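I have placed the structure first, in the form of structure tokens, so that the comments after it can refer back to it.
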Amino acid sequence: MFLLLGSVAAPASTAQAQGTFPPLTAYNLNKQKVTLPGGMAGKTDLLLISFAPEQQKDLESWLPAAQALQHTDFQFRYYELPVEGRENFIFRWWDTSSLRSDQNDPEIWPWVVPLFVDRRKLMHELNIPNAKQVVALLVDQRGRILWRAIGAMTPELRASLMAASQQQ
């Protein structure tokens, strides 16, 4: 089951009403500092947000469409953002090391950015109702949320994402 929030052909006022990704600083699996959203590589970026390891399969359902977009639009990038609570240094190191071993292709490491943040605050700022499903957000360089979806990829969500990314 999925819930599509927003409109593919949203007027500017509706796009702004969808919110803005808050400024955050984190480190990708390559141990490089990343400033979100302004330091992301794309003109538009698809942020694939997960809250639990059990959601990896649903997150991965988005990858074929994200990779296809990235190969056809060089101003588009996607990022995987696993969200954890604020933790001590040892837990962050252990969790990040585990993610690195799970993602054993170093080519992917720059695009996986674990977030160790106040989960409730982030969910509130992004208008995410709960942490039960993955969330996909299409954002611009300023962090404006242009499109969003919750849950695993479906054919309808793929078409909607493709249309939304073409409008940018």
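For region 41-60, the set of residues classified as closer than 18 Å to A164 by Cα and in a loop (DSSP other than H, G, I, E, B) consists of G42, K43, listed by residue number.
Contact map, region 14-40: first residue outside any loop (DSSP other than H, G, I, E, B), second residue at pLDDT 85 or above and among the basic types (K, R), Cβ cut-off under 7 Å, separation 6 or more or different chains; pairs are A15/R144; Q16/R144; T20/R144; T25/K33; Y27/K33. Applying the criterion of being in contact (Cβ under 8 Å) with a residue 12 or more places away in the chain, in a helix (DSSP H, G or I) and not hydrophobic (A, V, I, L, M, F, W, C) to the residues of region 109-138, the residue that is nearest to L69 (Cα to Cα) is P110.
Look at region 139-168: where a residue is under 14 Å from Q75 (Cβ atoms) and a partner is part of a strand (DSSP E or B) and of a type in the set (S, T, N, Q), sitting 6+ places away or on another chain with Cβ atoms under 6 Å, you get D140/T44; Q168/T44.
Note on region 100-120: residues that are within 16 Å of the chain's Cα centre (by Cα) and under 12 Å from V83 (Cα atoms) total 7. Put simply, of V134, V139 the only residue that is modelled with pLDDT of 95 or more, under 11 Å from T20 (Cα atoms), surrounded by 18 or more Cβ atoms within 10 Å (Cβ to Cβ) and under 14 Å from the mean Cα position of the chain (by Cα) is V139. The set of residues from region 27-41 being aliphatic (A, V, I, L, M), over 13 Å from the mean Cα position of the chain (by Cα) and either at pLDDT 90 or above or more than 16 Å from Y78 (Cα to Cα) (or both) comprises just one member, V34. Here I90 clears all of (1) exposed (fewer than 15 other Cβ atoms within 10 Å of the Cβ); (2) modelled with pLDDT of 85 or more; (3) out of contact with any Asp or Glu (no Cβ under 9 Å at 6 or more places or on another chain) except the condition numbered (2).
The values are calculated or read from the model by the stated rules, or taken from the named source; none is laboratory data. The model shown is predicted, which means the values in this text are computed figures rather than measured ones. Glycine also receives a Cβ, built like all others from the backbone with ideal geometry; neighbour counts cover every protein chain displayed.
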